[in-house]
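Down below is the structure, laid out as structure tokens.
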Ligand code: IPE
Ligand code: IPE
Ligand code: MG
């Protein structure tokens, strides 16, 4: 049976087309239980399943998950190793069920920094889920918003040097063409768990007019009901985009 929250959000108005989540609090969840940090990351995988299935149920079209930032490369090598091994396990274990649910996976970020095993697991999940129609799932790995903008600036500079574009022709559409999220609408809703209220270098361009919902829940405990609560909160907002109320 559908949860009450899901029924309420179905009556509550428009569901966000694109939801982005900063999945935070794995380490604290583990530390509070006297467990190593990687146990928190391991438990966080079931929360990813909840967020994906909840998005499909609610009718969200695009879910973008911040899974590993460029700055996270500065964590201890053992923690990075555990995260990469979870990513490979996720790609191997979930590929078939994601494809069966119609989830199309893309992995976005500076993937050159990943080891070969992780790269091939990623290629396999991307290939195995291509064409899914119910949800587009973006896993942001080795990603930083500033690096994404630097990369876009470099691409635009080389197009300008080659004579493809003049500087005056560079506008928002041309910048967006050079982002990892090319072709996708900006997130309508950003959720950050664990009570933190910062962007931590996530989607700096794309979040310009995104509604922000912070949840006190630590990521390993996040359930689809928490996603529905975030969507209900979103439905209560008035988005003005700089204009006045009508
Ligand atoms: C989020 O949990 C997962 C990653 C950043 C990879 P954290 O590992 O940041 O957990 P906290 O914030 O230390 O509790
Ligand atoms: C942001 O969380 C990155 C991811 C969720 C992958 P962090 O835990 O790395 O960010 P800070 O250090 O709290 O800003
Ligand atoms: Mg954190």
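All of the numbers you see were taken from the coordinates with simple rules; none came from a lab. Bear in mind that the values here come from a model prediction, so they are computed numbers and not experimental data. For neighbour counting, all protein chains shown are included, and Cβ atoms are generated from backbone atoms with ideal geometry for every residue, glycine included.
Rounded to the nearest 500, what is the chain's calculated 222 nm mean residue ellipticity when only DSSP H runs of at least 4 contribute -39500 (n - 2.57) each, over all residues?
Calculated at 222 nm, the ellipticity per residue is -14500 deg cm²/dmol.
Per q in 0.07 Å⁻¹, report the Debye log10 I(q)/I(0) for the chain, using one uniform scatterer on each alpha carbon and no solvent.
Listed by q, the Debye log ratios stand at -0.24.
Just the Kirkwood number for segment 118-238, please: inverse of mean 1/r across all distinct Cα pairs, in Å, one decimal.
Computed over Cα pairs of segment 118-238, the Kirkwood hydrodynamic radius comes out at 17.0 Å.
Do you know the relative contact order of the chain, to the nearest whole percent, from alpha carbon pairs under 8 angstrom that are 6+ apart?
30 percent
What ranking of 23, 140, 45 emerges when the number of other C-beta atoms within 10 Å of each C-beta is taken as an exposure proxy, fewest first?
Going from least to most buried by this count: 45, 23, 140.
If you average the alpha carbon positions of segment 191-225 and of segment 1-39, how far apart do those two centres end up, in angstrom?
Spelled out, the Cα-based centre of one part sits 9 Å from the other.
Below 8 Å between Cα atoms, with a sequence gap of 6+, how large is the relative contact order for segment 169-246 in percent?
28 percent
For the chain, set up a GNM with springs between Cα atoms under 10 Å and report which of 44, 54, 13 has the largest fluctuation.
13
If you average the sequence gap of Cα pairs under 8 Å that are 6 or more apart and divide by the length of segment 1-84, what percent do you get for the contact order?
36 percent
Comparing 61, 163, 40, which has the greatest mean-square fluctuation in the GNM of the chain with Cα pairs linked when under 10 Å apart?
Highest fluctuation among the options: 163.
Given springs between every Cα pair under 10 Å in a Gaussian network model of the chain, which of 91, 14, 173 has the largest fluctuation?
Comparing 91, 14, 173 in the GNM, the peak value goes to 173.
How long are the semi-axes of the equivalent ellipsoid of segment 3-103, taking √(5λ) for every eigenvalue λ of the Cα gyration tensor, in whole Å from largest down?
Gyration-tensor ellipsoid for segment 3-103: 28, 16, 13 Å.
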